[in-house]
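Read through the structure below, which is laid out as structure tokens, and then see the notes.
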Amino acid sequence: MPLPPGRIRSPQSGSDPVDAIQDRVPALRRSLLAWWQLHGRHAIPWKLNPAGSPPAEGEPLDPYPIWVAEVMLQQTQLAVVLPYWHRWMATLTDLGALAAAREQEVLLLWQGLGYYARARRLHQGARLLWDRAQAGEGNPWPGDLEGWQALPGIGRSTAASILSSAYDRPAALLDGNALRVLARLTAHPLPPRRAHAGFWRLSESLLDRRRPRAFNQALMDLGATVCTPRSPACGACPWSRSCAAYAAGDPARYPVKDQPRPAPFEVIGVGVVLNASGQVLIDQRLQEGLLGGLWEFPGGKQEPGEPIEATIRRELQEELAIEVEVEEELVVVEHAYSHKRLRFVVHLCRWLSGDPRPLASQQVRWVMPADLDAYPFPAANARIIEALRRRLDADAPAGHRHPGESRAAA
DNA sequence: GAAACGTGGGA
DNA sequence: TTCCCAAGTTT
């Protein structure tokens, strides 16, 4: 597709990054693909055909494993995703299995990956596609960008990545890797947030429409293995001779960053409430918002000047309508989320009265500590569970400890 | 358009 | 220790 003629340069938005490289596009494509042939990552499991080989140009691949992988890869590095993806594919082997799965199972497979809305939306999308395929008895998979982007949790970049990976279709992507590479190539003066459209045009212009699958993967591989965020390996880069940031002598300065906003800090009082049967009280968080759909030990934010024991008593009263005796501290867990830092001060509590009600959660449940593994918990709560098990083991009479635990300690 | 949304690894 | 950051999307 030819570029529209007579584009207007806007001084305020900086120069159009497309102009900077326009005449070098063919050479850039050639050098990138030549580099990728030798140094690219060619063994990514969802990018291989059933014979275990890299697909030929235009050879279609099963979209399901690619879809799952691409959603896991949102804001998450390949090395982190790999074990999760293998475990997922061993359990939810195809679209029908995912559509039929319970959300609890889906979240358990996602536990530890973060951004849990991704898992819920993947699940929703699977049910959507599955139902549609049953009704129309056809191929469930979207065939174009719009169709993929219509699925929950799939934006422009993920849709393009899936289409080019699965069908070798010419769809430009703009993930963190591509953005960093392109910002350096052009030494773009603005934070990517404010130059978003320009970088999309640049990605579109560069894309090799004869080999989109290879080109997109090459662009991401370059960003992930050579044009890295810190200390890029410019000596190994096929684009260094065309790179404006390299020429300027400080490639790591790009992409230009916005000033990070300091993350607020809060103290959370948490109650690990035990009843006379030795069961512990957990609740399922609301579907929307932070850690939506995951389970947790109940608690809430400490108010200014409030003793933590009072916080815990108050929160359990407000959110569960129960009365507890706050006993000794179990553990203190510090945890940084993407936009806030929390300190969980966790106390053991003795249940006194009140049938727990889910006033601020989806549901509440008394469970035996040994059964907590059946529930998806966020990372900070997983550390609370560890501390609880250590405590219960220490208190248990000899001979009644968990099987592997006493042996591991010895 | 800005802010919300997780986690673990590396410097 | 602390900070930065990663194959983005949604509201």
Along its principal axes, what span do the Cα atoms of the stretch A:295-350 show, with the longest given first and each in whole Å? 33, 28, 21
In bins 10 Å wide, starting from 0, what share of all Cα pairs of the stretch A:14-253 does each bin hold, as a percent? 7, 31, 34, 20, 7, 1
Give me the 1.4 Å probe accessible area per residue for chain A, excluding ligands and nucleic acids, in Å². 50 Å²
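Can you give the Rg to Rh ratio for the stretch A:179-224, taking only C-alpha atoms and Rh from Kirkwood?
0.98
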Longest to shortest principal axis, alpha-carbon extents of the stretch A:100-224, angstrom: 48, 34, 24
Be a star and scan the stretch A:270-306 for residues whose amide nitrogen sits under 14 Å from the point 7 Å along the Cα-to-Cβ vector of A:Asp371. A:275, A:277-283
Need the full-extension length gain, A:Lys340 to A:Arg357, defined as separation in residues times 0.36 nm minus the C-alpha distance. One decimal, nm. 3.3 nm
Set the Förster radius R0 to 60 Å, insert the Cβ-Cβ distance between A:Ala382 and A:Asp19 as r into 1/(1 + (r/R0)^6), and round the FRET efficiency to 0.05. 0.75
The stretch A:265-409: relative contact order from alpha carbon pairs under 8 Å, six or more residues apart, as a whole percent, is 29 percent
For chain A, what is the mean residue ellipticity at 222 nm derived from helices alone (per DSSP H run of n ≥ 4: -39500 (n - 2.57); sum divided by total residues; nearest 500 deg cm²/dmol)? -12500 deg cm²/dmol
Within the stretch A:96-194, which GluC sites (Glu not before Pro) sit in a loop by DSSP and count at most 12 neighbouring Cβ atoms inside 10 Å? A:Glu137
Which whole-number percent gives the relative contact order of chain A, counting Cα pairs below 8 Å spaced six or more residues apart? 14 percent
Loop trypsin sites (Lys or Arg not before Pro), the stretch A:202-275, which have at most 14 other Cβ atoms in a 10 Å radius of their Cβ (DSSP): A:Arg209, A:Arg210, A:Arg230, A:Lys257
Check each of the trypsin sites (Lys or Arg not before Pro) in the stretch A:78-135 and keep only those in coil by DSSP with at most 10 other C-beta atoms within 10 angstrom; list them in order. A:Arg102
Calculate the FRET efficiency for A:Ala252 and A:Glu306 from the Cβ-Cβ distance with a Förster distance of 41 Å, rounded to the nearest 0.05. 0.35
Provide A:Tyr167, A:Tyr337 ordered by accessible surface of protein heavy atoms (probe 1.4 Å), highest first. A:Tyr167, A:Tyr337
Quick shape summary for chain A, equivalent ellipsoid via Cα gyration tensor, semi-axes whole Å in descending order, reads 47, 26, 20
What does the charge count near A:Lys340 come to, summing +1 for each Lys or Arg and -1 for each Asp or Glu among other residues with Cβ under 14 Å from its Cβ? +2
Between A:Glu59 and A:Arg132, what is the spin-label point distance in nm, taking each point 7 Å from the Cα along the Cα→C-beta axis? 2.8 nm
Residues of the stretch A:351-373 with backbone nitrogen within less than 11 Å of a virtual label 7 Å along the Cα-to-Cβ line of A:Glu318, please, listed as ranges. none
Can you list, bin by bin at 10 Å, the percent of alpha carbon pairs in the stretch A:223-360, starting at 0? 11, 30, 20, 11, 13, 12, 4, 0
If R₀ is 51 angstrom, what is the calculated FRET efficiency for the pair A:Ala197 and A:Arg87, using the beta carbon separation as r and rounding to 0.05? 0.85
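The values are calculated or read from the model by the stated rules, or taken from the named source; none is laboratory data. Not measured: the values here are computed from a predicted model. Methodologically, a virtual Cβ is constructed for each residue, glycine included, from the backbone with ideal geometry; neighbour enumeration extends over all protein chains shown. Each accessible area value is taken on the protein alone, full model and side chains, heavy atoms only, with ligands, DNA and RNA left out. Shrake-Rupley method; radii C 1.70, N 1.55, O 1.52, S 1.80 Å.
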